[in-house]
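> Supplied in structure tokens, the structure appears directly below.
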Amino acid sequence: RVMLNELLHKIVTDNDYLVSEKSIHIKLNCPEQLMLNANETLLYSALNNIVGNAIKYTHSQGTIDINATTNNDNIVITIADSGVGVPEQQLPLLFHPFYRVSDARDRDSGGTGLGLAIAKQAIELHHGQIRAENNHSGGLIITLELPTKLTN
Ligand code: ATP
Ligand code: MG
């Protein structure tokens with residue numbers, strides 16, 4: 001069983017060097033007692049890539065909001081950043097292996113384009129869903145829904 005609050009805090013701490021380098025402000029909101037049956041290593045790597053992306057594709061002094069709540073039998077986790085977002089027509093491609101938005105910032109930032117494809121596999125293995133949308137106020141929002149009851 002995974003304590004989501006602890007896992008999310010660990011991810012924030014593990015990315016601290018990048019966050020402070022860019023003076024990014026991370027707000028994390030997760031109920032203390034939220035537990036789920038999941039493979040902790042897989043869930044860590046999925047969430048760590050999503051948070052890593054939010055940091056990588058957000059300007060200095062930006063903000064990242066990480067929220068977790070329960071909704072019926074699901075745990076809903078959102079990671080919203082104040083970064084550049086993704087052109088609307090490219091949103092469906094983000095989860096394809098090796099897909100990277102063709103933009104100068106990607107050439108600067110490095111990466112293989114596998115992170116979100118792997119995250120999607122990990123979430124689906126847990127019978128969950130993942131989606132991406134642009135925030136009205138700018139930046140990208142990644143939403144994960146995971147069933148509370150299931151074992152992986
Ligand atoms: P890797 O994760 O393998 O190191 P990557 O970060 O480029 O490389 P993904 O995590 O799969 O690959 O993301 C795919 C692409 O989606 C990125 O290259 C980037 O263009 C876009 N993207 C992902 N997250 C964000 C975000 N938070 N804001 C803007 N663009 C994003
Ligand atoms: Mg990535």
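> List the residue pairs whose Cβ atoms are under 7 Å apart, where the first residue sits in the stretch 103-132 and is charged (D, E, K, R), the second is more than 7 Å from ligand 1 (Cβ to nearest atom) and modelled with pLDDT of 95 or more, and the two are 6 or more positions apart or on different chains.
Qualifying pairs under 7 Å: Lys120/Phe95; Lys120/Ile130; Arg131/Thr143.
> In this structure, does Tyr44 turn out to be among the hydroxyl-bearing types (Ser, Thr, Tyr), crowded, with 16+ Cβ neighbours inside 10 Å and within 14 Å of Leu140 (Cβ to Cβ)?
No; evaluated as a whole, the condition is false for this residue.
> Inspect the stretch 88-107 for any residue being more than 13 Å from ligand 2 (Cβ to nearest atom), acidic (Asp, Glu), surrounded by 13 or more Cβ atoms within 10 Å (Cβ to Cβ) and outside any strand (DSSP E or B) and give the result as yes or no.
Yes, there is a match, as at least one residue in the stretch 88-107 is more than 13 Å from ligand 2 (Cβ to nearest atom), acidic (Asp, Glu), surrounded by 13 or more Cβ atoms within 10 Å (Cβ to Cβ) and outside any strand (DSSP E or B).
> In addition: Among residues belonging to the stretch 56-80 that are out of contact with any strand residue (DSSP E or B) (no Cβ under 6 Å at 6 or more places or on another chain) and small (Gly, Ala, Ser), point out the one that is surrounded by the fewest Cβ atoms within 10 Å (Cβ to Cβ).
Filtering the stretch 56-80 for residues that are out of contact with any strand residue (DSSP E or B) (no Cβ under 6 Å at 6 or more places or on another chain) and small (Gly, Ala, Ser), the one surrounded by the fewest Cβ atoms within 10 Å (Cβ to Cβ) comes out as Ser60.
> Those residues that are touching a residue at least 40 places away in the same chain (Cβ under 8 Å) and touching a Leu at 6+ places or on another chain (Cβ under 8 Å), I need them from the stretch 1-23; list them, please.
Val2, Leu4, Asn5, Leu7, Leu8, Ile11, Val12 - these are the residues of the stretch 1-23 that are touching a residue at least 40 places away in the same chain (Cβ under 8 Å) and touching a Leu at 6+ places or on another chain (Cβ under 8 Å).
> Tell me, which residue of the stretch 11-60 that is among the β-branched types (Val, Ile, Thr) and over 14 Å from the mean Cα position of the chain (by Cα) is nearest to ligand 1 (Cβ to nearest atom)?
Per the criteria, the residue is Ile24.
The values are calculated or read from the model by the stated rules, or taken from the named source; none is laboratory data. If you're wondering where the values come from, they're calculated on a predicted model, not measured in any experiment. As a convention, Cβ positions derive from the backbone with ideal geometry for all residues, glycine included, and neighbour counts pool all protein chains shown.
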